[in-house]
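Enquirer: Can you keep this structure in mind? I'll have questions shortly.
The values are calculated or read from the model by the stated rules, or taken from the named source; none is laboratory data. Treat the numbers as computed from the prediction; the structure is a model and nothing was measured. Using ideal geometry, Cβ is built from the backbone for each residue, glycine included, and neighbour counts are taken over all protein chains shown. Heavy atoms of the whole protein, side chains included, go into the accessibility calculation; ligands, DNA and RNA do not. Shrake-Rupley method; radii C 1.70, N 1.55, O 1.52, S 1.80 Å.
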Amino acid sequence: MPDRYVAVIGPGTASPELYRLAHEVGAELARRQAILLCGGLGGVMEAAARGAREGSPPGRTIGLLPGTDRGEGSPFLDYALPTGLAEARDGALVTSADAVIAVGCNPGTLIEIGYALKRQRPLAVLAGWSVLDESGQPVTGYRAARTAAEAVALVLGDLGSARDRHR
């Protein structure tokens, strides 16, 4: 099975509840042997990377950092990649991913959700905002999840379906 890269996005400052949820997402991605991508800093990004590294088996983690200093990355990253792109790294992060899971939401996360929708990446949102179309329905591609396991299952299931369609 080819590697599956899943970006976990969310606020750089996380409440204890968001930290717990992001940690669970990371651990579930590790259990399912997906590679975790994130923005490489604190909050949801750190929690997800930590969950993946502490998973059973331990998962692989990659952080796309906004600055030029590899040392500013979370200690739970296997690979810290400085981009020098500041917030523009959000587009690179989503483009590098096969699927995206948002944990919580803030304006930066909403931008990344927009990139995921535009690039038609499987997307699950856990404890985040709803994104609705003009008729008040969730936009196409937006999937709300109630648990970390459900968020991971949704995006990995979508990846499997896409792979089957392209055979």
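Enquirer: List every residue pair whose Cβ atoms lie under 9 Å apart, where the two residues are 6 or more positions apart in sequence or sit on different chains, the first residue falls within the stretch 78-90 and is part of a helix (DSSP H, G or I), and the second residue, located anywhere, is open to solvent by 60 Å² or more (accessible area, probe 1.4 Å).
Expert: Glu87/Ile111; Asp90/Ile111; Asp90/Tyr115
Enquirer: Please verify whether the stretch 133-147 includes one or more residues that are buried (at least 21 other Cβ atoms within 10 Å of the Cβ) and either touching a helix residue (DSSP H, G or I) at 6+ places or on another chain (Cβ under 8 Å) or more than 17 Å from Ala14 (Cβ to Cβ) (or both).
Expert: Pass one, the stretch 133-147, residues buried (at least 21 other Cβ atoms within 10 Å of the Cβ): 145.
Checking which are either touching a helix residue (DSSP H, G or I) at 6+ places or on another chain (Cβ under 8 Å) or more than 17 Å from Ala14 (Cβ to Cβ) (or both) leaves us with 145.
There is at least one residue in the stretch 133-147 that is buried (at least 21 other Cβ atoms within 10 Å of the Cβ) and either touching a helix residue (DSSP H, G or I) at 6+ places or on another chain (Cβ under 8 Å) or more than 17 Å from Ala14 (Cβ to Cβ) (or both).
Enquirer: Let me ask something else about it. Please go through the stretch 81-109 and give me each residue that is open to solvent by 70 Å² or more (accessible area, probe 1.4 Å), more than 16 Å from Thr61 (Cβ to Cβ) and hydrophobic (A, V, I, L, M, F, W, C), ordered by number.
Expert: Leu85
Enquirer: (1) out of contact with any Phe, Trp or Tyr (no Cβ under 9 Å at 6 or more places or on another chain); (2) in contact (Cβ under 8 Å) with a residue 40 or more places away in the chain; (3) part of a helix (DSSP H, G or I); (4) closer than 12 Å to Tyr5 by Cα: which one isn't true of Glu28, the others all being true?
Expert: (4)
Enquirer: Would you tally the residues in the stretch 125-161 being of a type outside the set (A, V, I, L, M, F, W, C) and within 16 Å of Val103 (Cβ to Cβ)?
Expert: Total meeting the criteria: 7.
Enquirer: Consider Leu64 carefully, then state whether it is open to solvent by 30 Å² or more (accessible area, probe 1.4 Å), more than 22 Å from Gly160 (Cα to Cα), modelled with pLDDT of 95 or more and part of a strand (DSSP E or B).
Expert: Judged against the criteria, Leu64 is not a match.
Enquirer: Among the residues of the stretch 160-167, is there at least one that is in a helix (DSSP H, G or I), farther than 26 Å from Arg20 by Cα, open to solvent by less than 80 Å² (accessible area, probe 1.4 Å) and of a type in the set (Ser, Thr, Tyr)?
Expert: Looking for residues that are in a helix (DSSP H, G or I), farther than 26 Å from Arg20 by Cα, open to solvent by less than 80 Å² (accessible area, probe 1.4 Å) and of a type in the set (Ser, Thr, Tyr), one finds at least one in the stretch 160-167, hence yes.
Enquirer: Suppose we keep only residues that are modelled with pLDDT of 95 or more and assigned to a loop (DSSP other than H, G, I, E, B) within the stretch 1-25. Which one would you say is nearest to Asp98 (Cα to Cα)?
Expert: Filtering first and then ranking leaves Arg4.
Enquirer: Do we have any residue at all in the stretch 86-99 that's polar (S, T, N, Q) and on the phi < 0 side of the Ramachandran plot? I'd like the intermediate steps shown before the answer.
Expert: The initial filter retains those residues of the stretch 86-99 that are polar (S, T, N, Q), namely 95-96.
Among the residues that remain, those that are also on the phi < 0 side of the Ramachandran plot are: 95-96.
Yes: one or more hits.
Enquirer: Return the residues of the stretch 31-54 that are surrounded by 24 or more Cβ atoms within 10 Å (Cβ to Cβ) and free of Cβ contacts under 8 Å to residues at least 60 places away in the same chain; say none if nothing qualifies.
Expert: Residues satisfying the conditions are Leu36, Cys38, Gly39, Gly40, Met45, Glu46, Ala47, Ala48, Ala49, Gly51, Ala52.
Enquirer: Another one. Of the conditions (1) out of contact with any Cys (no Cβ under 9 Å at 6 or more places or on another chain); (2) open to solvent by 10 Å² or more (accessible area, probe 1.4 Å); (3) farther than 23 Å from Gly160 by Cα; (4) aliphatic (A, V, I, L, M), Ala27 fails just one. Which one is it?
Expert: The one condition Ala27 does not meet is (3).
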